[in-house]
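*Asks:* Quick one: structure below, then a few questions.
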Amino acid sequence: MAAPIFDRHSFLRYTVPIEQAKFLILPVPYEQTTSYGTGTKKGPDAIIKASQYLELFDEELALEPYLEGIHTLEPIAFDKGPSERSIDKIYETVKALPLQNKFLVSFGGEHSITYPILRAFAEQAPRMSVLQIDAHSDLRDAYEGTIYSHGSVMARIKDMVDIVQAGIRSQSKEEYDFIKKRGIRTFYMHMIRSDNLWKEHVVDALGNTVYLTIDLDGFDPSVAPAVGTPEPGGLSWYDVIDLIKMIIKKKHLVGCDIVELAPEPHSITTDFLAAKLAYKIMGNLIASRS
Ligand SMILES: [Mn+2]
């Protein structure tokens, strides 16, 4: 394979032609239904900017994962039309990607983007499980007047595929009752804190083929403050990294997204965390194959 070439606008500042890429980065600067803090449409750009400052070498894996080939796609362009149209555009974009033997990492944008991405994935692998790392269960049937809200994204997804949730610490009574009634595997933060084997239990709850959606507010706000709804008492960096490593070892991870970054003008902490998280996922995927 040809060596990656320098490009300031690509994730990690290097790119390869799409045919040669093992990893595709899809920027999805979609923001239409945010309810509290705003700015998620600037998320993808902030992650790519932060990635310019990451070390290319992963000292834990003793690898330079970027040498496997990362191709950063053009950001999806949205107009001010109805959310259905934007949601369809995300679906059509993902469906048209040449994903055979490639791993897609999408950057949000608000959490609503996961539904159309997963629709495209579920057509290929209908028996997929989705692991959602999040402070919120996002299981309202509709939120603030739309069924495509960030607050109802998992309600759309659970009708297509099995879902497992981790890090949850804020929800409505209706969501709580719904989880009980439907037997959804939700690992609440208060359960995680008192269970040393929680990661094993999350992995056991997943099927063999897994898609991972990471709402950055699943992390503790001391670790990832730049999110629209920073809920106290979340997951640590190593909680998430160790869980992901375990999934990559034991399951077939087919894609992921990192959403809800709302960049702050005076702090780059969360931008950098999101960039490093994406690169750690790539590195561990490579390490697990060799
Ligand atoms: Mn959330």
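*Asks:* State yes or no: is I117 within 12 Å of the ligand (Cβ to nearest atom) and either under 18 Å from C256 (Cβ atoms) or under 16 Å from the mean Cα position of the chain (by Cα) (or both)?
*Replies:* The answer is no for I117.
*Asks:* Select, from S10, S86, S51, the only residue that is within 19 Å of I157 (Cα to Cα) and either of a type in the set (S, T, Y) or surrounded by 20 or more Cβ atoms within 10 Å (Cβ to Cβ) (or both).
*Replies:* The match here is S86.
*Asks:* Just to be sure before I move on: is D138 farther than 30 Å from K173 by Cα, acidic (D, E) and either modelled with pLDDT under 95 or surrounded by fewer than 24 Cβ atoms within 10 Å (Cβ to Cβ) (or both) in the structure I sent?
*Replies:* no
*Asks:* Go through (1) out of contact with any strand residue (DSSP E or B) (no Cβ under 7 Å at 6 or more places or on another chain); (2) of a type in the set (A, V, I, L, M); (3) assigned to a helix (DSSP H, G or I) one by one and return the number of the condition I90 breaks.
*Replies:* So the condition that I90 fails would be (1).
*Asks:* Restricted to region 13-22, and to residues that are in contact with a His (Cβ under 7 Å, 6 or more places away or on another chain) and not in a loop (DSSP other than H, G, I, E, B), which residue is surrounded by the fewest Cβ atoms within 10 Å (Cβ to Cβ)?
*Replies:* I18
*Asks:* On to the next question. Can you name the residue in region 146-179 that is in a loop (DSSP other than H, G, I, E, B) and more than 12 Å from the ligand (Cβ to nearest atom) and is also farthest from the chain's Cα centre (by Cα) among such residues?
*Replies:* Going through the qualifying residues, I end up with S172.
*Asks:* Hey, G69 hits all of (1) small (G, A, S); (2) modelled with pLDDT of 95 or more; (3) over 30 Å from K249 (Cβ atoms) but one; which does it fall short on?
*Replies:* G69 satisfies every listed condition except (3).
*Asks:* Let me ask another. Could you tell me which residue of region 215-240 is farthest from I258 (Cα to Cα), considering only residues that are near the ligand (Cβ under 10 Å from one of its atoms) and assigned to a strand (DSSP E or B)?
*Replies:* V227
*Asks:* Between a residue in region 221-238 that is over 16 Å from F187 (Cβ atoms) and any residue that is in a strand (DSSP E or B) and near the ligand (Cβ under 10 Å from one of its atoms), which pairs come within a Cβ distance under 9 Å, given they are 6 or more apart or on different chains?
*Replies:* Hits for this filter: P221/V227; V227/D215; T229/H136; T229/S170.
*Asks:* Let me ask another. Return yes or no: is E200 surrounded by 13 or more Cβ atoms within 10 Å (Cβ to Cβ) and more than 12 Å from the ligand (Cβ to nearest atom)?
*Replies:* So E200 passes the test.
The values are calculated or read from the model by the stated rules, or taken from the named source; none is laboratory data. Because the structure is a prediction, the values reported are computed rather than measured. Reconstructed Cβ throughout: ideal geometry from the backbone, glycine too, with neighbour counts over all protein chains shown.
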